[in-house]
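Below: one structure, written as structure tokens.
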Amino acid sequence: MDKPEPKWFFYLILCICLGLQLKAQAQGPLEKKISINLNNENLKTALDKITALSGVKFTYNEQVAKSNVKTTINANNKKLKEILTELFADKPYSFTVLDKEIFIRFDPSKVKKSEAGSAADRDSGHGNFTLSGFIKSQKTGETLIAATMKVAGSSQSTWSNEYGFYSLTLPSGSYYVEVKAVGFKKYHAQIDLVNNTNLSINMEEDVQELETVNITSSSQRREIENTQMGTDRLSMNDTKDVPVVFGERDLIKTIQLLPGVKTGGEGDGGFYVRGGSMDQNMILLDEAPVYNTSHLFGFFSTFNTDAVKNVTLYKGDIPAQYGGGLSSVLDVKLNDGNNQKFGVSGGIGLIAGRLNVEGPIQKGKSSFLISARRTYIDMFLRLSDDPDVKNSSVYFFDVNAKMNYILGEKDRIFISGYLGKDLLDVQGLNGIRWGNRTGTFRWNHIWNRKLFSNTSFIYSNYDYIIKSGGRESSLSVFSQIRDFSLKEDLQWYLNERNSLSFGFSSTYHQIKPGEVRADGDNGYIPRKLQSRYALENAVYASNIWKVSDVLTVNYGLRVSAFSIFGKGDYSRVDQGKVIETLSYKSGSLVKTYFNFEPRISAATQLDETSSVKLSYTRNAQNLHLISNSASTMPTDRWIASTVSIKPEISNQFSLGYYKSLMENELDFTVEAYYKNLKNQIDYKNGADVFTTQPIESMLLFGVGRAYGLEFSLKKKIGRLSGWLSYTLSKSERKIDGINNNLWYNSRQDKTHDLSLVTTYQLSPKWKLSANWVFSTGNAVTFPVGKYNIIDQNYFYYVNRNADRMPNYHRLDVGALWLLKQSKKFSSELSFSVYNVYGRQNAYQILFKEQENDPTKTEVIRRSVFGFIPSVSYNFKF
Amino acid sequence: MKKVSRFSVLFMFSILIWSCEKKVDFDFKENELRYVIEGRISNEPGMCKVMVSKTKEIGDGNEFKGLSGAVVKVENDGQITTLAETAKGVYSVSTINGQPGQTYKLTVVVEGQTFTASSTMPEPVPFLDLYIKEGDFNRKSTFVTAKFKDPLAVRNYYWFRKYINDQNQKDYDVLDDELIAGQEVNQRLNFSNETNNDANDIKKGDQLRVDLYCIDVSVYNYLFSLYGANGNGGSTAPTNPLSNISGGALGFFSAYAIQSRKVTVP
């Protein structure tokens, strides 16, 4: 077995980070030195002369150009900065650097002090005005999420919300605004803000930039200023370039490569965030919760990346608008559909085919999108000679459909739906099928330039059915979780310093834990486990308060109330023994749990390129996934809080340092976190999952704690891009009745976890990618002894999760070959090799009798996914 | 219902046809030895047997290594019988004829430590038939159907042990009557070749035997949780089974009613 403690990894990363810190700053335009003599010149003439001498260009609007302000200066080998400061000392103008140019703007704040300002310069008046509108893609009409808008020469900035809306309030004056979004050319415009202005920004797609790949759509500027911590935003280009098994692009597999996110094992479709368990991730698809994200027992995830617009993973301080997930929120937003032109795209891979159709319903106003994917392994099964194989089916499919309609300048509606199903079936007799269905109806309304609202009606359903039996009789178990919710979110861009978010949500949960259905002569009596009903209400408010140019504080409170209703029997359980059981009538209230979930975070900007942030968040969770398996099983059981099952609570503290290096080419982040978890749940030893006994009597309760340090270094620009992330962490549980009530490692506890993700643009036609992952093995329980019982050999265990799987590491490479690209048609071939050096990573460690000598025990390492090459073809027209 | 949940696990592994298995070296930890007791009394005449042993290192052999010198007593209705050591670590007596409805108490004193347990022998239920339905035969995995009648009046727990040509199979099934109370049950039981050796396949003419044990709830809980100790580290977190023996020994003590039926693969 490998030793799981390579400390050198930690030092290596530290060295890389320190090395990058030493990079020197390049010379800016203000540092240039010139000698100049000006005597009562017009402003424009003066600036032109400076340009001629220094080579530095100026940007300004007509107001500046036509200004009759006279300038006089006498400078000898002075820095441009000093010259301009002197030049505008008593004038109503200010200057700011914009890359290599200098922006000159009319500055009304200096008007009062200035005697020299002419009437013409002053007529723009006083007061604050609001600039608002939507940020969209010019080509497709898709709204852009988290595009940043920055006002040159001020600390003012904002970003578009989930529906592309932005609002920014500024004192009247002339401004130069810059808007940046991933994959789009930088948009800039001069705005003379003399009244409230509606500016719809259409961003031009930057083909060149698309190919050089941007890691996040949030620019560094935003990361530095924003109070938001522990957040990773992925654009779909990020998943496109990451080589994956069987060439199927996979959102969750890409998320697993982020700092602080871990996998449960090879091919695991779930993820663990900062030591939390899998069900503590709230996964939202267009706001609808998705209760099972895995296809084919977790080897693939339910998200068809063709239809996804944007993904945000909140690991640390989860915004107050989200609730119900203790460790993270994964917010997946689907594309709206191209409202400019009709288009078809798709692809064929080794195991699945995809097709995506989108287009305008009314050009520029409304659009639709349908995206589907299906595996076709089962087609090959039909060719088999073995009748068992021939009559079996194995497949999964996903369909995403969406449509939106603009009702006017102020209203927009969206309807979206998802349907996914997995089916595994042997001869139609034994099998399992499971799937999610979600639907969302949303209405965006702009009340005024500063107040934006969204109202959502959400439906979500997850169910599975397992069938076993023969030709004449069969037995099946059906289980379901279903939600209906209403959600209202408002964003109020109050003033320059405050922007508020508030709203409420109300969800009705219905859980059918299990319905046994029996056919034929097997003698089984159909039986239903009691359904559970609950209403989950929440109200929240939070405010982003810009205290000063360098300090931003975000504070908020979410109050949730989880009410459990009859009909049903509820048991009070102590130490696994039922003390009393009360029956409740339909609709009668059993219990309400109130939870106050405060959060606060603050960001201080240390300088132009670095900041420090800290945060505290408290979260509550009322739906719990009870799993007795180490991997994602569709049969894992969702239960709601009851009289005896209390809401899970977490408190998380985090501290982070953010640094932008090499002229924003590199982002460096360190975050440290500590969290404690209350009311954690685990199965009792020997628990029966399908029993009709109260589930509470099968469970054990306890606490958890997790802490860690996450490093990440991202390179966003250039031919070589990617990220390096490293996490040093610990995750433990202490459950009454497990491990002699002592602390033990949770299964997902991996001390070291490193991911290196790189993409290199070799030529306009070829793009190469590679990623390498290394992690300590999962914490597992190996036997320490064995004994004979009922004529067979069984194993003896002592401490829970005190052992380690072998270290895991793997290299994947990929290449993207652009076959053809024109306005009408483009196609590409994507090659990838999973596990290039064929590392036999342990999927399981088995202890069993040797086949040729049953008197001896042997230890078997089972590996899946050795060296797997794959190819897929993608097209678009 | 255990059967159903195990099915999905079975499926999962059948997907992994591309999986690869390799024997690996393993550093076994030092083991603090524990006592292991397996005690049985059945409704068969003269069947009362208790086996006493200790846990072994994983590198040791798998054969039973009994512990001599234990004092083993069974008490029923105030009458105490001491069992004699008939082989190393095997203690038995032929003077007890187990009776359904009777409660038996076991006491084992070994190396100065005392362990006790008790178990009540359930009434046997009518074991009506054992047959193979058409289409249920397959070389790798064959289903036989056991037909029996569950009595409605009492809670019943069943243990099905399986034998191919009198060779005991490690895989067994347990069932409680939560979903079959009072019914005539046709329970499908799986015989399969889980080795990689085709020679172990099920062939025509093979004799498949099922022993139906009627057990009490404590033994049912033991056997249900014994799945967790079979060495397959992958699925559930492995645990030691819930023993009905007090004093800290591993194992179980069961008073059971047994019936046996055979079917030949057609």
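What to note about this one:
- Some residue of region A:429-440 being away from chain B (no Cβ under 14 Å), of a type in the set (Lys, Arg) and not in a loop (DSSP other than H, G, I, E, B): yes
- Scanning region A:697-724 for residues that are touching a helix residue (DSSP H, G or I) at 6+ places or on another chain (Cβ under 9 Å) and among the small types (Gly, Ala, Ser) gives A:Gly702, A:Gly718, A:Ser721, A:Gly722.
- Residues of region B:184-215 satisfying the condition of being over 24 Å from A:Ser473 (Cα atoms), at the interface with chain A (Cβ under 10 Å from one of its Cβ atoms) and either of a type outside the set (Ser, Thr, Tyr) or under 15 Å from the mean Cα position of the chain (by Cα) (or both): B:Glu194, B:Asn196, B:Asn197, B:Asn200
- Matching option when the condition is facing chain A (nearest Cβ under 9 Å), of a type outside the set (Phe, Trp, Tyr) and free of Cβ contacts under 8 Å to residues at least 60 places away in the same chain, among B:Asp136, B:Asp166: B:Asp136
- Check on A:Thr312, surrounded by fewer than 24 Cβ atoms within 10 Å (Cβ to Cβ), touching a helix residue (DSSP H, G or I) at 6+ places or on another chain (Cβ under 6 Å) and more than 14 Å from chain B (Cβ to nearest Cβ): no
- Residues in region A:555-569 that are in a strand (DSSP E or B) and in contact with a Lys or Arg (Cβ under 8 Å, 6 or more places away or on another chain): A:Tyr555, A:Gly556, A:Leu557, A:Arg558, A:Ser563, A:Ile564, A:Gly568.
- Residue check for B:Lys133: part of a loop (DSSP other than H, G, I, E, B), surrounded by fewer than 18 Cβ atoms within 10 Å (Cβ to Cβ) and touching a Ser or Thr at 6+ places or on another chain (Cβ under 7 Å): yes
- All conditions in (1) closer than 21 Å to A:Leu257 by Cβ; (2) of a type outside the set (Asp, Glu); (3) within 14 Å of another protein chain (Cβ to nearest Cβ); (4) surrounded by fewer than 21 Cβ atoms within 10 Å (Cβ to Cβ) hold for A:Asn778, with the sole exception of (4).
Listed here are the residues, each with its yes/no results for (1) surrounded by 15 or more Cβ atoms within 10 Å (Cβ to Cβ); (2) more than 14 Å from chain A (Cβ to nearest Cβ).
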residue	(1), (2)
B:Tyr35	yes, no
B:Ser42	yes, no
B:Ser53	yes, no
B:Lys56	yes, no
B:Gly59	no, no
B:Val74	yes, yes
B:Ile96	yes, yes
B:Phe115	yes, yes
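- When A:Phe653 is tested against (1) of a type outside the set (Ser, Thr, Tyr); (2) within 14 Å of chain B (Cβ to nearest Cβ); (3) within 28 Å of A:Ile252 (Cα to Cα); (4) surrounded by fewer than 19 Cβ atoms within 10 Å (Cβ to Cβ), just one condition goes unmet, and that condition is (2).
- Residue match in region A:806-813 (condition: more than 30 Å from B:Tyr222 (Cβ to Cβ) and either more than 28 Å from the chain's Cα centre (by Cα) or at the interface with chain B (Cβ under 7 Å from one of its Cβ atoms) (or both)): yes
- Identity of the residue in region A:90-129, more than 13 Å from A:Gly173 (Cβ to Cβ) and of a type in the set (Val, Ile, Thr), that ends up modelled with the highest pLDDT: A:Ile102
- Matching residues, region B:140-152, being part of a loop (DSSP other than H, G, I, E, B) and either surrounded by 14 or more Cβ atoms within 10 Å (Cβ to Cβ) or at pLDDT 90 or above (or both): B:Asp150, B:Pro151, B:Leu152
Let's see how each residue does on (1) farther than 30 Å from A:Ile868 by Cα; (2) in a loop (DSSP other than H, G, I, E, B); (3) modelled with pLDDT of 85 or more:
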| position | (1), (2), (3) |
| --- | --- |
| A:Lys333 | yes, no, yes |
| A:Leu350 | no, yes, no |
| A:Val357 | yes, no, yes |
| A:Tyr395 | no, no, yes |
| A:Asn400 | no, no, yes |
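- In the condition set (1) crowded, with 22+ Cβ neighbours inside 10 Å; (2) modelled with pLDDT of 95 or more, B:Asp211 is compliant with all but (1).
- Counting only strands (runs of 3 or more DSSP E) that sit wholly inside region A:683-776, those with at least 1 residues that are more than 31 Å from the chain's Cα centre (by Cα) are A:699-715.
- Residues in region B:117-132 that are in contact (Cβ under 8 Å) with a residue 40 or more places away in the chain, of a type outside the set (Ser, Thr, Tyr), out of contact with any Leu (no Cβ under 7 Å at 6 or more places or on another chain) and within 14 Å of another protein chain (Cβ to nearest Cβ): B:Val125, B:Leu128, B:Asp129, B:Ile132.
- Filtered residues of region A:811-822 (kept if surrounded by fewer than 19 Cβ atoms within 10 Å (Cβ to Cβ) and among the charged types (D, E, K, R)): A:Lys820
- Taken over region B:146-163, the criterion of being more than 11 Å from chain A (Cβ to nearest Cβ) and either touching a strand residue (DSSP E or B) at 6+ places or on another chain (Cβ under 8 Å) or within 19 Å of B:Val263 (Cα to Cα) (or both) is satisfied by B:Arg155, B:Asn156, B:Tyr157, B:Tyr158, B:Phe160, B:Lys162.
- Just so you know, in region A:719-749 the residues that are more than 14 Å from chain B (Cβ to nearest Cβ) and within 30 Å of A:Glu696 (Cα to Cα) include one that is surrounded by the most Cβ atoms within 10 Å (Cβ to Cβ), and it is A:Ser731.
- Residue that is surrounded by the fewest Cβ atoms within 10 Å (Cβ to Cβ) [pool: residues in region A:844-860 that are facing chain B (nearest Cβ under 7 Å) and over 15 Å from B:Ile58 (Cα atoms)]: A:Glu851
- Residue-level check: of (1) modelled with pLDDT of 80 or more; (2) crowded, with 18+ Cβ neighbours inside 10 Å, A:Leu53 misses just (2).
- Residue among A:Val798, A:Val864 that alone is over 28 Å from A:Ser371 (Cβ atoms), surrounded by fewer than 21 Cβ atoms within 10 Å (Cβ to Cβ) and out of contact with any Pro (no Cβ under 7 Å at 6 or more places or on another chain): A:Val798
- Residues of region A:511-531 satisfying the condition of being of a type outside the set (Val, Ile, Thr), in contact (Cβ under 8 Å) with a residue 24 or more places away in the chain and in a strand (DSSP E or B): A:Lys512, A:Pro513, A:Gly514, A:Glu515, A:Arg517, A:Ala518, A:Asp519, A:Arg527
- Residues in region A:606-629 that are among the β-branched types (Val, Ile, Thr) and either farther than 14 Å from A:Asn595 by Cα or surrounded by fewer than 22 Cβ atoms within 10 Å (Cβ to Cβ) (or both): A:Thr609, A:Val612, A:Ile626.
- None of A:Ile283, A:Ile318 is of a type in the set (Val, Ile, Thr), part of a loop (DSSP other than H, G, I, E, B) and out of contact with any Pro (no Cβ under 6 Å at 6 or more places or on another chain) except A:Ile318.
The values are calculated or read from the model by the stated rules, or taken from the named source; none is laboratory data. All of these numbers come straight from a predicted model, not from anything done at the bench. Note that we place each Cβ from the backbone using ideal geometry, even for glycine, and neighbour counts take in every protein chain shown.
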